[in-house]
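For reference, the structure is listed below as structure tokens.
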Amino acid sequence: MAKTWVIPDIHGYAETLTNILDHQIKPSKNDHLIFLGDYIDRGPNSKGVIDIIMNLEKSGHHITPLKGNHEDVCLKTREESKRRKEFFGTRSISQMQANWEILGGRKTLNSFGISRADEIPEKYIRWMHSLKYYIELDHFFAVHAGFNFKANDPFSDTQAMIWIRDYEVLPGKINNKKIIHGHNPVNLKFIKSSLKFDISHTIDLDNGIYFTHKAGYGNLIALELNSMEIKIQPVIENVERA
């Protein structure tokens, strides 16, 4: 039976992603891999994370990569950086790029061997632009952050899908399905409890992969939706983490 795996915020930890794929998930081409966004920033190899997912797509695996807020910030910073270069001819970085670097963007630029957002190769920009905001499954909606249930149509607010944190789920607006998301780091014990007791309309899978010195955090999570089996992969990169 084909499996459906959901993997949240990877944040540049390419070696950790490779390890969970090769040694725990071991996906066949019949399996469905859903990534919840935030592939970049904070960790040491954002380019490598995107390369891994793009190569899975090219090799014929069933992949659905969703957009996260960090991809959104990267794309907007890149557009602003291009405009500055075109209109002012300046090579100084913008305030928007400075703000992005604080969010971890400096490590993303380093992984590409560049210093400015407008130097990111076009194929990676096209890939980030192509990312979907959510996917509807038989019993779930997968999305990076969540939905704006204050809107008449929660599916009309794409910014909420990548940025929202606190929201009250109105099940009738999402076909009485459960929401699986990342974006908001939670303790591993909380993740396990939410799967065990099944009392919430949401499942948060983000264990704060970059919080490697914080008890209960610092793992990459993968959830198989048919069996509700969880895989836990500690970070294996030997680098300083935020």
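The values are calculated or read from the model by the stated rules, or taken from the named source; none is laboratory data. Computed from a predicted structure; not experimentally measured. Here the Cβ is made from the backbone with ideal geometry for all residues, glycine too, and neighbour counts use every protein chain on show.
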Long-range neighbours under 7 Å by Cβ, at least six apart or interchain, first residue under 16 Å from Asp206 (Cβ atoms) within the stretch 140-164, second in a loop (DSSP other than H, G, I, E, B) and among the β-branched types (Val, Ile, Thr): Ala145/Ile164; Gly146/Ile164
For the stretch 195-235, name all the residues that are surrounded by 16 or more Cβ atoms within 10 Å (Cβ to Cβ) and at pLDDT below 95. Thr212
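So, in the stretch 118-143, how many residues would count as being part of a loop (DSSP other than H, G, I, E, B) and in contact with an Asp or Glu (Cβ under 7 Å, 6 or more places away or on another chain)? Before the answer, list the steps.
Initially, the stretch 118-143 is screened for residues part of a loop (DSSP other than H, G, I, E, B), giving 120-121, 131, 133, 137-139.
Checking the rest, the ones that are also in contact with an Asp or Glu (Cβ under 7 Å, 6 or more places away or on another chain) come to 131.
Of the residues in that region, 1 qualify.
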Please work out which one of (1) within 20 Å of Ile102 (Cα to Cα); (2) loosely packed, with under 15 Cβ neighbours inside 10 Å; (3) of a type outside the set (D, E, K, R) is the condition Asn238 fails and give its number. (1)
Taking only the stretch 48-68 into account, find how many residues are surrounded by fewer than 21 Cβ atoms within 10 Å (Cβ to Cβ) and either under 19 Å from Asn207 (Cα atoms) or of a type in the set (D, E, K, R) (or both). 3
Exactly one condition in (1) assigned to a helix (DSSP H, G or I); (2) on the phi < 0 side of the Ramachandran plot; (3) modelled with pLDDT of 95 or more is not met by Pro44; state its number. (1)
Any residue in the stretch 96-113 that is under 18 Å from Ile50 (Cβ atoms) sitting within a Cβ distance under 8 Å of a residue that is modelled with pLDDT under 95 and basic (Lys, Arg)? List the pairs, counting only those 6 or more apart or interchain. Leu109/Arg116
If you check every pair at least six apart or on different chains, which have Cβ atoms under 9 Å apart with a residue in the stretch 9-27 that is within 24 Å of Gly60 (Cβ to Cβ) and outside any helix (DSSP H, G or I) first and a residue that is acidic (Asp, Glu) and at pLDDT 95 or above second? Ile10/Asp38
Could you please find all residues in the stretch 49-68 being in contact with a helix residue (DSSP H, G or I) (Cβ under 6 Å, 6 or more places away or on another chain) and either under 13 Å from Trp5 (Cα atoms) or modelled with pLDDT under 95 (or both)? Ile63, Pro65
So Ala160 fits all but one of (1) closer than 19 Å to Lys67 by Cα; (2) of a type in the set (Gly, Ala, Ser); (3) part of a loop (DSSP other than H, G, I, E, B); what number is the exception? (3)
Does the stretch 126-170 hold any residues that are closer than 24 Å to Ile53 by Cβ and exposed (fewer than 12 other Cβ atoms within 10 Å of the Cβ), and which are they? Arg126, His129, Ser130, Asp138
Leading residue by the ranking (nearest to the chain's Cα centre (by Cα)) among those in the stretch 47-85 that are among the hydroxyl-bearing types (Ser, Thr, Tyr) and either closer than 21 Å to Arg165 by Cβ or not in a helix (DSSP H, G or I) (or both): Thr64
Only one of Asp38, Asp31, Asp72 is touching a residue at least 60 places away in the same chain (Cβ under 8 Å), among the charged types (D, E, K, R), closer than 26 Å to Asn226 by Cβ and in contact with a helix residue (DSSP H, G or I) (Cβ under 9 Å, 6 or more places away or on another chain), namely Asp38
